[in-house]
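Have a look at the structure below before the remarks.
The values are calculated or read from the model by the stated rules, or taken from the named source; none is laboratory data. What you see is a predicted model, and the numbers here were worked out from it, not measured in a lab. Here the Cβ positions follow ideal geometry from the backbone for every residue, glycine too, while neighbour counts run over all protein chains shown.
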Amino acid sequence: MVWWIYALITMLMFGTTNFLVKYAGHSGMDSVFTSIVLWLATGATGFVFLLIYHREFAENLKNTNPWLLLLPISAGVALAMGMYAIKIALTKGPAGPTVAITAANAFIVAFLAYVLLGEDLSPLKIIGMLVIFAGIILLTL
């Protein structure tokens, strides 16, 4: 499958996740409790994938520099903190602007990929990002 199909699947899954988190908060679920259940569900999903891909996991673990493991571990901690923060934001604020603001993380990814990984950030892509950013501002007004 091409990368953009995976990106669309991610958009669909993250959108569903954020709506369900909003609905849980709207229904009166405690933020910490909801976050813990979310993290447990994420961990259970990871465990299922580990069972399916245990050979590949073991091989990769054996061949990966231990220091590099800090990258996905740090990403997991950041994701958990972000999911907790969005849970609070969705519970206390409107769904659309909240998710639009959180979607601005694409700017951070693009900037860091440009600076640290040397990925292309053409003038057309910068203009596209500015248009998206303007849309986020309009959505939050």
Review point. Are there any pairs with C-beta distances below 9 angstrom linking a residue in the stretch 74-91 that is of a type in the set (Val, Ile, Thr) to a residue that is not in a helix (DSSP H, G or I), with the two at least 6 apart or on different chains, and if so which?
Key: Thr91/Met29
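Could you tell me whether the stretch 110-117 includes any residue that is without any contact (Cβ under 8 Å) to a residue 40 or more places away in the chain, out of contact with any helix residue (DSSP H, G or I) (no Cβ under 8 Å at 6 or more places or on another chain) and not aliphatic (A, V, I, L, M)? Can you show your working first?
Within the stretch 110-117, the first condition is being without any contact (Cβ under 8 Å) to a residue 40 or more places away in the chain, and the residues that meet it are 110-117.
From what is left, the residues that are out of contact with any helix residue (DSSP H, G or I) (no Cβ under 8 Å at 6 or more places or on another chain) are 111-117.
After this cut, where a residue has to be not aliphatic (A, V, I, L, M) as well, the list is 111, 114.
Checked against the condition, which is being without any contact (Cβ under 8 Å) to a residue 40 or more places away in the chain, out of contact with any helix residue (DSSP H, G or I) (no Cβ under 8 Å at 6 or more places or on another chain) and not aliphatic (A, V, I, L, M), the stretch 110-117 yields at least one hit.
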Review point. Could you list, in sequence order, the residues of the stretch 74-109 that are touching a helix residue (DSSP H, G or I) at 6+ places or on another chain (Cβ under 8 Å) and among the β-branched types (Val, Ile, Thr)?
Key: Ile86, Ile88, Thr91, Thr98, Val99, Ile101, Thr102
Review point. Considering only residues of the stretch 1-39 that are among the aromatic types (Phe, Trp, Tyr) and in contact (Cβ under 8 Å) with a residue 24 or more places away in the chain, which is farthest from Met81 (Cα to Cα)?
Key: Phe19
Check your understanding: Any idea which of (1) among the hydroxyl-bearing types (Ser, Thr, Tyr); (2) at pLDDT 90 or above; (3) within 26 Å of Ala134 (Cβ to Cβ) is the one Thr45 doesn't satisfy?
Key -> (3)
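Any residue that is out of contact with any strand residue (DSSP E or B) (no Cβ under 8 Å at 6 or more places or on another chain), assigned by TED's automatic domain parsing to the domain that holds Phe19 and β-branched (Val, Ile, Thr) - is there at least one of those in the stretch 75-82?
Just the residues of the stretch 75-82 that are out of contact with any strand residue (DSSP E or B) (no Cβ under 8 Å at 6 or more places or on another chain), to begin with: 75-82.
Keeping just the survivors that are assigned by TED's automatic domain parsing to the domain that holds Phe19 gives 75-82.
When the remaining residues are screened for being β-branched (Val, Ile, Thr), the result is 77.
Among the residues of the stretch 75-82, at least one is out of contact with any strand residue (DSSP E or B) (no Cβ under 8 Å at 6 or more places or on another chain), assigned by TED's automatic domain parsing to the domain that holds Phe19 and β-branched (Val, Ile, Thr), which makes the answer yes.
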Practice item. Scan the stretch 91-102 residue by residue and report those that are more than 12 Å from Gly15 (Cα to Cα) and in contact with a Ser or Thr (Cβ under 8 Å, 6 or more places away or on another chain). Key: Thr91, Pro97, Ile101
Check your understanding: Can you name the condition, by its number, that Gly28 falls short on among (1) in a helix (DSSP H, G or I); (2) surrounded by fewer than 11 Cβ atoms within 10 Å (Cβ to Cβ)?
Key -> (1)
Check your understanding: In the stretch 96-133, which residues are surrounded by 11 or more Cβ atoms within 10 Å (Cβ to Cβ) and of a type in the set (D, E, K, R)?
Key -> Glu119, Lys125
Review point. With respect to Gly128, is the statement that it is on the phi > 0 side of the Ramachandran plot and either touching a Cys at 6+ places or on another chain (Cβ under 7 Å) or not assigned by TED's automatic domain parsing to the domain that holds His26 (or both) true?
Key: no
Check your understanding: Listed residues Ala58, Ala100; which is of a type in the set (A, V, I, L, M) and within 30 Å of Leu138 (Cα to Cα)?
Key -> Ala100
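Looking at Ala7, Ala44, which is the one that is among the small types (Gly, Ala, Ser) and under 29 Å from Thr140 (Cβ atoms)?
Values: Ala44 fails: under 29 Å from Thr140 (Cβ atoms).
The match here is Ala7.
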